[in-house]
Amino acid sequence: MGKLIVISAPSGAGKTSIVHFLLEKIEALSFSVSACSRAKRENEEDGADYYFLAVEEFQKKIKNGDFLEWEEVYKDQYYGTLKSEAERIWEKGETVIFDVDVIGGINIKKQYLSDCLSIFIMPPSLAILEERLKKRGSESTDSLHKRIAKAKSEIAKSGEFDKVILNDNFDIACEEAKQLIQTYIR
C-alpha cells in the first residue's frame, strides 16, 4: 500500500482547481477518480472527472463492498471512492490524490491514519463562497442554499484534517499545498 493525499473543502472553495495544479506540478501524484450518481455537467467527462453511475448501480456497489468510502450527500446523490482506484494507482508506484467532500475526506483519513495527509481548503468567507457558486451558473436557488448550509457544517469539521489552507489567494494556496505534499511524500 502507498500513500494517500486527501483534499477536501466545501463546494466552490477551489479544491478541484488546486488538485489540477498539484497534478501538473508533482509527478508522483495520480488522481483518484470518484464515482457519483448525479447528472454529468456539460464540461465533465465520464472516467476522467467522475465515474457517473445510476443510483441503482451505485447502491449495488455499496452492497458489494466496492467502495473505500461513500456518502449519500443529498437524497439519491451518492459520491464515493472505489477501492479499485487506489489499488490501480499504487500498482503504478504513485501516490493517490483525492478530491473528495469533507465527510469522505474524514472517512479516508480514519482508515489510513499515518499513510494519509488530509488537507482542508478553507474559503475566505461564506459570502465569497456563495459568489463563486453563483458564477458557476450550475446551481438553482434551492441548490445554492443547500450548498451554503452544508458548507457551514463542513467548515466546522476543518479541525479534523491534518492541515487547513486558506484559499483567499489561489496562487499562494496552491504553493502551500504543493510544499506540504512534497514534504509528506519524501
Surrounding net charge for residue 165, when Lys and Arg each add one and Asp and Glu each subtract one, Cβ distance under 13 Å: -2
Stretchable slack from residue 64 to residue 113, in nm (0.36 nm times residue separation minus alpha-carbon distance): 15.2 nm
Gain upon complete extension [residue 45, residue 83; 0.36 nm per residue less C-alpha separation]: 11.6 nm
Distant-in-sequence amide H partners of residue 164 (H built 1.01 Å from N, under 5 Å): 120
Per-residue ³J(HN,Hα) for the range 35-43, Karplus 6.51 cos²θ - 1.76 cosθ + 1.60, θ = phi - 60°, Hz, x for Gly and Pro: 9, 8, 10, 7, 5, 6, 7, 3, 8
Listed residues 53, 100, 149: farthest to the positive end of the dipole of the range 4-185 (Cβ charges): 149
The range 54-176, dipole about Cα centre (Lys/Arg Cβ +1, Asp/Glu Cβ -1), debye to the nearest 20: 380 debye
When the convex hull of its Cα atoms is projected in every direction, mean area for the range 4-185 (nm²): 10.0 nm²
Cross-link table 63/152; 61/163; 75/134, entries beyond 26 Å C-alpha to C-alpha: 63/152; 61/163
The chain: DSSP helices with Cα axial extent of at least 18 Å and average Kyte-Doolittle hydropathy no lower than -1.0: 141-155, 170-185
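So for the chain: antiparallel DSSP bridges make up what percent, rounded to the nearest 5? Walk me through the numbers before you get to the answer.
Numbers: 8 of 30 bridges.
Restricted to the chain, the bridges split so that about 25 percent are antiparallel.
What is the local net charge at residue 102, summed over the other residues whose Cβ is closer than 15 Å to its Cβ (Lys, Arg +1; Asp, Glu -1)?
Here the count lands on +1.
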Dipole of the range 1-149, positive direction: furthest Cα of 28, 127, 4, with charges on the beta-carbon: 127
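Each reported figure results from applying straightforward, stated rules to the coordinates on display, with no laboratory input. All values reported here derive from a predicted model rather than from experimental measurement. Don't worry about glycine lacking a Cβ; one is built from the backbone with ideal geometry, like all the others, and counts go over all protein chains shown.
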